[in-house]
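Below you'll find the structure, written out as structure tokens, and then a few comments.
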Amino acid sequence: MGDFETRDSPIYNIKKIYGYDVDANSGYYKKWWEYARDSIKENSIVWLITGILSGVLALIVNLVTSWFQNTQPTP
């Protein structure tokens, strides 16, 4: 099938055109941890941004909740 570094070999073209890495993709019958690992590898920037935004949102919700609890009149 060729080599990844050899220009115009079938493997080179598959990786260049479709972005499919034959070495990294193990096939159709993947386990759940292989899907998770591949998702993190392929979408690492999305995972990072989602994690940061989730943390910021959790802090904002915590601050707003504590602010509302402090502003409630005591009976």
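The values are calculated or read from the model by the stated rules, or taken from the named source; none is laboratory data. All values reported here derive from a predicted model rather than from experimental measurement. Ligands, DNA and RNA are stripped out before the accessible areas are found, and what is left, the full protein with its side chains, is counted by its heavy atoms. Shrake-Rupley method; radii C 1.70, N 1.55, O 1.52, S 1.80 Å.
Some observations on this one:
- Crossing angle, helix 44-71 versus the chain [Cα axis fit, 0-90 degrees, rounded to tens]: 10 degrees
- The accessible-area ordering, largest first, of the residues Tyr18, Tyr29 stands as Tyr29, Tyr18, per a 1.4 angstrom probe.
- Computed [θ] at 222 nm, helices only, for the chain once each DSSP H run of length n ≥ 4 contributes -39500 (n - 2.57): -18500 deg cm²/dmol
- Within the accessible area of the chain (1.4 Å probe), percent carbon and sulfur: 65 percent
- Relative contact order [Cα under 8 Å, 6+ residues apart], the chain, whole percent: 10 percent
- Probing with 1.4 Å while keeping every protein chain in the model, the per residue accessible area of the chain equals 91 Å².
- Per the Debye formula on identical point scatterers at the alpha carbon atoms of the chain, with no solvent, log10 I(q)/I(0) at q = 0.13, 0.14, 0.15, 0.25 Å⁻¹ is -0.64, -0.68, -0.73, -1.08.
- C-alpha long axis of helix 32-42 to longest principal axis of the chain, angle in °: 90 degrees
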